[in-house]
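The values are calculated or read from the model by the stated rules, or taken from the named source; none is laboratory data. What you are looking at is a predicted structure, and each value in this text was computed from that prediction instead of being measured. Reconstructed Cβ throughout: ideal geometry from the backbone, glycine too, with neighbour counts over all protein chains shown. Keep in mind that these areas ignore ligands, DNA and RNA; they rest on the heavy atoms of the full protein, side chains included. Shrake-Rupley method; radii C 1.70, N 1.55, O 1.52, S 1.80 Å.
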Amino acid sequence: MGDPLRVLHVVVNMNRGGAETLIMNLYRNIDRSKVQFDFLTYKEGVFDEEIKKLGGKVHRIPYISEVGHKQFVKGLDAFFQQHSHYKIVHSHMDKMSGLVLRSAKRYGVTARIAHSHNTSSEGGFLTRLYKEYAGIFIKNNATHLYACSNLAAQWLFPKRANEALIIKNGIDSEKFTYSSTLREQIRKELNLDEDTHVIGHVGRFSIQKNHMFLIEVFAEYSRKKPNSKLLLIGDGPLRSKIMEKIKVLRLEDKVQLLGIRDDIPSLLQAIDVFVFPSFHEGLPVTLIEAQGAGLHCFISDKISGEVDLGLGLIERLPISSEAKAIWVQKLLEKSSFQSQRLISLKKLNQSGYDIHFTARKTENSYLRLGGRAG
């Protein structure tokens, strides 16, 4: 049969972000006798060891924030010159993919994929200005366009969005199926009483995720519903500011910061309502997971409606400062409602978010690009 087709994925690092979680879900479920994943990263990641165990290679070069523009571009050029055997490069760096794919083209990579996972750039003014510059190079250097949603495609490829292949953020739905036994076990581990109303959020501690808004909403909600807790799952650059906010609002005994976890399916069982007030998103895999666990989700109206799987679990709300009272009221309404959390796996899978379907679709796209489609 021969060696598998090796696809090079380019990411900042392989930590537990949304795009990285999707990539690992795909990696675990593709036929690795046909397609293998290698990675070009700039920083260490929690998935590095698993990647190696699955047969992948992890390459690393310095990132632009460490060495500046010229050295970053030189590093990309040197890498692709030394690794000219790759036929497919799949870049997950949004606008920064322009620089990656330009170097890949220079050194003969024939299939160059730009993948949009978001609907806005992060960072300050100068950072976003630089990313706009980098994004210019996508047009002439990407041979193929992928996106997690139509909205994400329209953002990164405004004039070519209709060309993008939509790769939905699939999950292993059976892992998220509600279990009362597991719920009881996890709540015990987290010292949560059964009658405590638990609000949950999963996401990187970054400006995009709008934690400050969430904490302020919860502060007001907990005054009206004293027997309530907020679980924040994740970590990131805003951790110290989030901790300070919790302290200022005197919520130390009400909010648990659980850090980066690899047991998200289990943790979701312990939660009663999921909240997600992001400023922008592509199509967050964590909202697919929350729906898979049967959780009612209050989310920002800035998030694409494409995230709604038609299970009656998504409610979009405004995130202006005046809208906090709306979130509080909605949470209060849900606090007295006990959902059975029984959802139709068939309906979930038919919506296209089953990881096995997504993996086959992605695998077949690679085999076509590599000239190995049967």
**Asked** Counting only the backbone N, which residues of the stretch 286-323 are under 14 Å from the spot 7 Å out from the Cα of GLN350 toward its beta-carbon?
**Response** 309-312
**Prompt:** To the nearest 20 debye, what charge dipole does the chain have about its Cα centre, counting +1 at the Cβ of each Lys and Arg and -1 at the Cβ of each Asp and Glu?
**Reply:** 1080 debye
**Request:** Quick one: what are the phi-derived ³J(HN,Hα) couplings along the stretch 3-17, Karplus 6.51/-1.76/1.60 with θ = phi - 60°, whole Hz, x for glycine and proline?
**Result:** 6, x, 6, 9, 10, 8, 9, 10, 9, 5, 7, 9, 9, 8, x
**Fill in**
Interchain or sequence-distant (5+) residues whose placed amide H lies within less than 5 Å of the amide H of HIS296 are PHE274
**Request:** Just report the Cα centroid separation between the stretch 1-79 and the stretch 147-167, whole Å.
**Result:** 22 Å
**Prompt:** Residues with amide H under 5 Å of HIS9's amide H, sequence separation 5 or more or different chain, H placed in the peptide plane at 1.01 Å from N; which?
**Reply:** ASP38, PHE39, LEU40, HIS90
**Prompt:** What nm value, rounded to one decimal, do you get for the distance between LYS57 and SER120 when each label is placed 7 Å out toward the C-beta?
**Reply:** 3.9 nm
**Message:** I want to check the label-to-label distance for LEU251 and GLN82. Put each point 7 Å from Cα in the C-beta direction and report it in nm to one decimal.
**Reply:** 4.7 nm
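Mind checking the per residue accessible area of the stretch 139-286 for me, 1.4 Å probe, whole number of Å²?
On a per-residue basis, 45 Å².
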**Fill in**
Expected sort for 84-91, 261-268 on mean C-beta neighbours within 10 Å, highest first, is 84-91, 261-268
**Asked** Mean residue ellipticity at 222 nm from the helices of the chain, using -39,500 (n - 2.57) per DSSP H segment of n ≥ 4 over the full residue count, to the nearest 500 deg cm²/dmol?
**Response** -12000 deg cm²/dmol
**Item:** Estimated vicinal HN-Hα couplings, Hz - the stretch 97-104 in sequence order (Karplus 6.51, -1.76, 1.60; Gly, Pro = x)
**Value:** 4, x, 5, 4, 6, 5, 5, 4
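Mind checking the per residue accessible area of the stretch 17-56 for me, 1.4 Å probe, whole number of Å²?
For the stretch 17-56, the solvent-accessible area averages 37 Å² per residue.
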**Request:** Report ³J(HN,Hα) in whole Hz for each residue of the stretch 72-86, in order, from the Karplus equation J = 6.51 cos²θ - 1.76 cosθ + 1.60 where θ = phi - 60°; Gly and Pro get x.
**Result:** 4, 5, 4, x, 5, 4, 4, 4, 5, 5, 7, 10, 6, 6, 6
**Prompt:** In a shell of Cβ-Cβ distance under 10 Å around LEU40, excluding LEU40 itself, what net charge do Lys and Arg (+1) and Asp and Glu (-1) give?
**Reply:** +1
**Asked** Taking the simple approach of a point 7 Å from Cα along Cα-to-Cβ for both THR196 and ARG160, what is their distance in nm?
**Response** 5.1 nm
**Message:** Under 5 Å between amide hydrogens, which residues at least 5 positions from ARG316 or on another chain qualify, with H placed 1.01 Å from N in the peptide plane?
**Reply:** ILE299
**Item:** Segment ILE260-ARG128, extension gain: residue separation times 0.36 nm, minus the distance between their alpha carbons
**Value:** 44.9 nm
**Message:** So the label point goes 7 Å from the Cα of VAL73 along Cα→C-beta, right? Which residues of the stretch 135-153 then have their backbone N under 17 Å from it?
**Reply:** 135-142
**Asked** Of the cross-linked pairs LYS70/LYS245; LYS131/LYS224; LYS247/LYS330; LYS95/LYS224; LYS52/LYS334, which ones have a Cα-Cα span greater than 32 Å in the structure shown?
**Response** LYS70/LYS245; LYS131/LYS224; LYS95/LYS224; LYS52/LYS334
**Message:** Quick check: at a probe of 1.4 Å, how many percent of the accessible area of the stretch 126-171 sits on carbon and sulfur atoms?
**Reply:** 56 percent
**Request:** Quick one: Debye curve from the alpha-carbon atoms of the chain only, equal weights, vacuum; give me log10 I(q)/I(0) at q = 0.10, 0.11, 0.14 Å⁻¹ to two decimals.
**Result:** -0.65, -0.78, -1.22
**Item:** For the stretch 228-301, alpha-carbon Rg over 2.2 N^0.38 Å
**Value:** 1.15
**Request:** Would you be so kind as to identify which of SER335, PRO265, ALA323 lies farthest towards the positive end of the dipole of the stretch 256-374, taking Lys and Arg as +1 and Asp and Glu as -1 on Cβ and the Cα centre as origin?
**Result:** PRO265
**Request:** Express the Stokes-Einstein translational diffusion coefficient of the stretch 135-290 in µm² s⁻¹, to the nearest whole number, given a Kirkwood radius over alpha-carbon pairs, 37 °C and a viscosity of 0.692 mPa s.
**Result:** 188 µm²/s
**Asked** What part of the accessible area of the stretch 1-104, given as a whole %, is carbon or sulfur when the probe is 1.4 angstrom?
**Response** 46 percent
**Asked** Build a GNM of the chain with springs between Cα atoms under 10 Å: which of ALA19, ALA161, ALA153 gets the top mean-square fluctuation?
**Response** ALA161
